[in-house]
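Taking it in order: structure first as structure tokens, then the write-up.
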Amino acid sequence: MNSHNLDHMLNLRVSRSPREITETIKSMYIDSSPVMMWQNQNGRRVVTYATIQNIDFDKNILVMQANEKNRFEKFSKDFTIYIRGDTRSILFKQQQCRLNANKLAITIPHEVRLYEQRQIPRFNPTHKIQVEAHFEKKVGMGTGSDKSFIAKVINVSQQGLCLEFLQHQSKFFYEEDTLRIVQLNNIIFDDKLEAKIIYVTKLKSEAERMRMGVKFDQELSQAQLAKIVKAYFLG
């Protein structure tokens, strides 16, 4: 992957929001936005271009119309279909379809990658990988002593992390406290990343877990962010 493509991929994030996915697909349909579709068939890539002809939200179905006659003849039900649209660079895949030479029906996706519109993009780990942050913090009165912790990474940006941890550890974490990030999974930082706790909050959905937002004293370099995202956030 060259640097240009990497910069583009670093601006994609995973969305599982039904509303966000629906609005993006509606926009593609209204604008007749072009869609690239492809399959990797036994080492050979089959590509065609299409537009959304119809959306049936009751049946959860998208119907794609090929831009050229009989273009879906080369597609097969036996291979995964990948779909890339211009609208917010939407990217998703589907395992099953119904097709003929000119039309192809797939289910509306529950998970997509979208262009990140935030000024500071955040990246979520893939559903296959759980990323853990290993960090140190001084605890106790006065100068305190270093204690090591591990927390689940919910997302990462160039400026910081959102972490999830067990409620019984909350007595160690307070706003404005300093952490030193040692590693994320197998990525070890030679110089520990200093970070400040911005917020600590309790999860309503899980009584035994808390979340904490931390901001790095110095932003990650593009090289550091690229290494982390390529390893755990683009799966």
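Quick note: the coordinates plus some simple rules give every number you see, no bench work behind them. The shown structure was predicted, so the numbers you read here are calculated from the model rather than taken from an experiment. Note that we place each Cβ from the backbone using ideal geometry, even for glycine, and neighbour counts take in every protein chain shown.
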Completion exercise
Full extension between residue 111 and residue 127 adds, at 0.36 nm per residue less the Cα distance, a length in nm of 4.7 nm
Exercise for the section: Find out how many positive minus negative residues lie around residue 56, taking Lys and Arg as positive, Asp and Glu as negative, among other residues whose Cβ is under 15 Å from that of residue 56. Expected result: +3
Handout entry: the chain: relative contact order in percent, alpha carbon pairs under 8 Å with at least 6 residues between
Key = 15 percent
Handout entry: Of 74/230; 147/196; 152/196; 147/227, those spanning more than 25 Å from alpha-carbon to alpha-carbon
Key = 74/230; 147/227
Fill in the blank from the handout: For residue 177, other-chain or 5+-apart residues with amide H closer than 5 Å (H placed, Pro excluded) are 197
Problem - Full-stretch length increase - residue 74, residue 199 - with 0.36 nm per residue and alpha-carbon distance subtracted - result: 39.7 nm
Practice task
Using the Karplus curve 6.51 cos²θ - 1.76 cosθ + 1.60 with θ = phi - 60°, work out ³J(HN,Hα) for each residue of segment 57-65 in order, rounded to whole Hz, and write x for Gly and Pro.
Solution key: 6, 5, 9, 6, 10, 10, 10, 9, 10
Handout entry: Stokes-Einstein D (µm²/s) once Rh is taken as the Kirkwood radius of segment 165-235 over alpha-carbon pairs, at 20 °C in 1.002 mPa s
Key = 156 µm²/s
Problem - Percentage of interatomic Cα-Cα distances in the chain larger than 31 Å - result: 37 percent
Problem - Paramagnetic label zone (point 7 Å from Cα along Cα-to-C-beta, residue 54; backbone N under 19 Å) in segment 80-117 - result: 97-109
Fill in the blank from the handout: Counting Lys and Arg as +1 and Asp and Glu as -1 over every other residue whose Cβ sits under 12 Å from the Cβ of residue 174, the net charge comes to +1
Handout entry: Relative packing of 143-149, 16-22, which averages over residues the other C-beta atoms within 10 Å, highest first
Key = 16-22, 143-149
Practice task
Please report the orientation-averaged projected area of segment 67-133, defined via the convex hull of its C-alpha atoms, in nm².
Solution key: 6.4 nm²
Handout entry: Neighbourhood net charge (13 Å Cβ-Cβ; Lys/Arg +1, Asp/Glu -1) for residue 107
Key = 0
Practice task
Could you give me the radius of gyration and the Dmax of segment 3-115, taking only the C-alpha atoms into account and expressing both in angstrom?
Solution key: 13.7, 42
